[in-house]
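Take a look at the structure set out below.
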Amino acid sequence: MRRKTYGFIFGFAAILLTGPFSRGFTQDWEKALLSLPQADSCRAYLFRLTEEPHVAGTEEDFANAEFIRNKLQSFGLATAMATYDVYLPYPREVRLELTRPEHFEGPTPEQGFAVDKDAYASNIFPGFNAYSPSGSAEAQVVYVNYGRPEDYRQLAKLGISVKNKIALARYGKNFRGVKSRVAEEHGASGLIIYSDPADDGYMKGDIFPRGPYRPEFGVQRGSVQYLFVYPGDPLTPGYAATANARRIALEAVKNMPSLPTMPLSYGDARRILKNLAGPNVPKGWQGGLPFAYHTGPGPAEVRMQLDMDYQVRPIWDIIAKIPGSVYPEQMVVIGNHHDAWTYGAVDPSSGTAVLLELARSFAELQKMGYRPQRTIVFALWDGEEYGLIGSTEWVEEHRSRLMQHCVAYINIDVAVSGNRFSASASPALKPLIQKILRKVDDPTTHRSLFRQTWLNQNENKKKPAPAADSADSLALKFGNLGSGSDFTAFFDFAGIPSLSMSFGGPYGVYHATYDDFYWMSHFGDPNFSYHATMVKVAGMLLLQYADADILPFSFANYAREMLEHARKMEKAFREQGAPQELSMAGIIEKCQRWLAQAKELPDWDRISRELDPNALNSLILKFDRIFLDEKGLPGRPWFKHQLFAPGYYTGYASQPYPGIKYYLDRQDWAKASVAVSKVEALLEKAIQLTHQLAETVKPFKL
C-alpha cells in the first residue's frame, strides 16, 4: 500500500495547548485523519467479505470472523475473539402449497442472472424466518395489509377474522416479528410475509439486475424473534451465553413466536392474492400487483410446511482496541455486525468495510504519534441478523464495566446503500453529529455534508436553500433510537449514549441473494466514495469522544426533545379519553426546568483550564444511566431505559416515554399515573444532575 508523508505531523508533540480547553490538538489530528481513508481499500475489503454467504454460526461466518481478526491484527491492534454459544435455527424445509382454487408448489427459488455469478450460488439458505417454529398449517388466506394492530381493526369492521386462517401480510411499516406477534394475538394458524412491488419492487423503479429494486422472486429473509421483548440469545435473557451459562427451559422463553411464519416473493404471493375474494381492500391497502386486491378469506387456501433445525451453536465477536493514554479505563466503542443472511454487501458488510478502513486509518495516526486519551474499541458482532445476539451477549457480560466507563457507542450497520446521510441518536449526541457534518464534504456535490443533508431533508419543502453552513437555524433532523441493530443493548440495557448512521438509497434487495458485490458496485456506491466518506464521519466522531477534555454532550437538546415528546403525549391522553387528572403536566414542567437549567451551562471551550475535567466528566457519564430502572418496562423487564424504547407494536421505531405509552394503549389509567410519576422522578434527577454541572463550572467560566 502506498505510504503518504505528513510533514506537519511531526511538530505535534511541541504544540502547546492554548486558551481554555483547546481543540487545536484534536483539530490537527482531524486534518490528518481526513486525508487517510481510501475508497479502493473499502472496495477490496467488501470484495473479500462478500465472497461467500455467511450466516451466523456457519463455517463461512467463522472464516469471515478470522479474516477480520487477522486484518485488525495486521494493523497492529490488540485483537481478541469472544465466543458465545447461542440458540440458532437453520432451515431444513420451507414449503408452500396453494391447494385451492388452483394448484401451485413453492416457494420458487431466487433466479440467477448471467451478469451476476453470485446469484447462482447453491449454498445460500432458502428464504426463511428465523425463530419461526417448525410445524404446518393449512387454511384459507386473509390479506392483512402490513399486519399492524390497526389493520386488524379495519378487518374487524368489515366482519373479517383471521382466527384459524393463514394471514398474508406485506413487509414494511413495522418489524416482521411484530407481524408474527399480532397475527398470533388474533388467532391466526400461520403467517406469510411477502415483499410487495409497491414497497421495494418495480413500482419503485427498475428491478435487479437492471436496477436496484427487488426482482420478481427475490425474497426477504429475516428473524421474527420478539426483539421488542428482549433481544439476544433466547435461552440466556439478561446474562451472557457463555459456555457454562445456565439455559432456561424452552417453555420459559418469551421472545420466540409460536406461530409458523415464512417469507415469500411477490412472484409467488401473486398466485395467492389473485385468488382471494371478499371485499375490495380498504384505502391504502392496494399493492403494486396488476389486479385489485381483496381481503379474503379464501377461496385461496394454502398449506405451509416448516422444519427448523434448532441447536446451540457458537458465534464469534471480534474486539480490537487502541488503549487510552490518559483515561485508559474509559472507552468509546464503534461497532457493526459481520454475519449476513446471504452475501450481505450492504447489510452488513458496507459497515464492516468502513470499520476496517477506519481501524487502518487510526493505526496510521498512531504511527504519526497519535495516542487517544480514552480507549477506542472496534467491535465486529456476530449473530445480529438472528436477534442482535453478539452485541447483546457482550454487553450483558460486560454491563457493569460499560456503565461505569463507556463514553458512547457508535453503530455503522448498513453503512452505505446510497448517498443520503441519516442518523438516529440519543438526543445528547445529535448536536455533535451536526458539527462533524460541517467538516466533511459530500464526495459528489462537494458541499459540506451538513449543507447537503439539509438540502436532502428539505427538498420537498418551500424553504430557501441556506446561504451558508453557519446559519444557526439550519438544524438537521435526526431520529431517535428504537431497535433493529446493535445499539440496542448499549442504549436500552446499559444506558450508554448511542448513535447509528448510514448513507441510504434505493436499496430494494434487502436480505435477498442479490445483496452482493455486483449490486454495490453497480447501484449502491460504484466508486466506493461514500464508504470512504463514512470512514471520515465516523473517525471525526471517534476523535471527539476519545479526546475531548470535556465530553461533548448536549443536555439542552435532550431536555428540549423530551419536552416536545411530553406535549405530544399529553395530546394523546386527551384524544384517548384519559381522565383530566391524568396528564403530562408534571413532566412538561420538569422538562421546562431541565431545559432552563441546561441553558445555563456554558460552551465547554469557554471554561478555564484550572478546572479538572474529571469533575465534569464524572457527572456527564451519568447520562443516560440515570434514566434506567432495573425493573425494566412493563411486560419487558430487559428494557431498562424509561425515556426511549422500541415500540411494542413497531419493533424498529422509537417510542418516547414507553412505560406511559404501554398503559395509555391499554387505557389502564391507574397504572399510567404510576408510570407518569416514575418518569417525573427520573427527570428530577436530570434537573439535579444538570444543576451540579452548572455549579461545578460556575467558578471557572471565562
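How about LYS571: which lysines have a C-alpha closer than 20 Å to its C-alpha, ignoring those fewer than 8 places off in the same chain?
Straight-distance partners of LYS571: LYS590, LYS661, LYS671, LYS678.
Please report the net charge: other residues with Cβ closer than 12 Å to the Cβ of LYS430, K and R +1, D and E -1.
Around LYS430, the charge tally is +2.
For labels at ALA475 and ASN456 in the simple 7 Å Cα→Cβ model, what's the distance in nm?
The modelled label-to-label distance comes out at 2.0 nm.
In debye, nearest 20, what is the charge dipole magnitude of the chain about its Cα centre with +1 on Lys and Arg Cβ and -1 on Asp and Glu Cβ, if you could check?
Charge dipole, the chain, about its Cα centre: 1840 debye, nearest 20.
Please give the contour-minus-distance gain from ALA78 to ARG153: 0.36 nm per residue of separation, less the Cα-Cα distance, rounded to one decimal in nm.
Computed gain between ALA78 and ARG153 is 21.5 nm.
How large is the charge dipole for segment 199-336, taken about the Cα centre, if only the Cβ atoms of Lys, Arg (+1) and Asp, Glu (-1) carry charge, to the nearest 20 debye?
220 debye
Would you list, by chain and number, the aspartates and glutamates whose Cα falls below 18 Å from the Cα of LYS462, excluding same-chain residues fewer than 8 positions away?
Within reach: none.
Based on the mean of other Cβ atoms within 10 Å per residue, sort peptides 258-266, 655-663, 521-529 so the most packed one is first.
In descending order of packing, they fall as 258-266, 655-663, 521-529.
Ranking TYR87, TYR530 by Cβ neighbours within 10 Å, fewest first, what do you get?
TYR87, TYR530
Under 15 Å from the Cα of LYS283, which aspartates and glutamates turn up, not counting those fewer than eight places away in the same chain?
Within the straight-line cut-off, LYS283 pairs with GLU150, ASP151.
Expressed in nm to one decimal, what extension gain is obtained for the pair GLN580 and VAL674 from 0.36 nm per residue of sequence separation less their Cα-Cα distance?
In short, 32.3 nm is gained.
Taking a threshold of 31 Å on the Cα-Cα distance, which of the pairs LYS463/LYS698; LYS31/LYS701; LYS179/LYS599; LYS461/LYS568; LYS477/LYS536 fall above it?
LYS463/LYS698; LYS179/LYS599
Restricting to bridges with both residues inside the chain, how much of the DSSP beta-bridge set is antiparallel, in percent to the nearest 5?
60 percent
For the chain, build the charge dipole from Cβ charges (+1 Lys, Arg; -1 Asp, Glu) around the Cα centre, then report which of PHE700, PHE421, THR533 sits farthest towards its positive end.
Farthest along the dipole direction, towards plus: PHE700.
Sort HIS691, HIS103 so that the residue with the fewest other Cβ atoms within 10 Å of its own Cβ comes first and the one with the most comes last.
Ranked by crowding around the Cβ, least crowded first: HIS103, HIS691.
Residue farthest toward the positive end of the dipole of the chain, with Cβ of Lys/Arg at +1 and Asp/Glu at -1: which of ILE68, PRO431, PHE228?
Looking along the dipole axis, the top candidate is PRO431.
Could you tell me which residue out of GLY647, ALA566, SER618 lies farthest along the dipole of segment 555-700 toward its positive end? Charges go on the beta carbon: Lys and Arg +1, Asp and Glu -1, centred on the Cα centre.
GLY647
Full extension from ARG210 to LYS435: what is 0.36 nm times the residue separation minus their Cα-Cα distance, to one decimal in nm?
Taking ARG210 through LYS435 to full extension adds about 77.2 nm, to one decimal.
Determine the alpha carbon to alpha carbon distance for each of LYS173/LYS204; LYS430/LYS631; LYS71/LYS367 and list only those over 19 Å.
Long pairs (Cα-Cα over 19 Å): LYS430/LYS631.
If R₀ is 22 angstrom, what is the calculated FRET efficiency for the pair SER258 and VAL312, using the beta carbon separation as r and rounding to 0.05?
Working from the Cβ atoms, E equals 0.60.
When HIS446, HIS54 are ordered from fewest to most other Cβ atoms inside 10 Å of their Cβ, what list results?
With the fewest neighbours first, HIS446, HIS54 line up as HIS446, HIS54.
Would you mind computing, in nm to one decimal, how far apart the modelled labels at LEU619 and GLU251 are, each placed 7 Å from Cα along Cα→Cβ?
5.3 nm
Pop the C-beta distance of GLN286 and SER161 into the FRET formula with R0 = 25 Å and round what comes out to the nearest 0.05.
Efficiency, from the Cβ-Cβ distance: 0.70.
No lab work stands behind these numbers, since they all come straight from the coordinates. Predicted model, so just to flag it, every value in this text is computed and none were measured. Cβ coordinates were reconstructed from backbone atoms using ideal geometry, including for glycine residues, and neighbour counts include every protein chain displayed.
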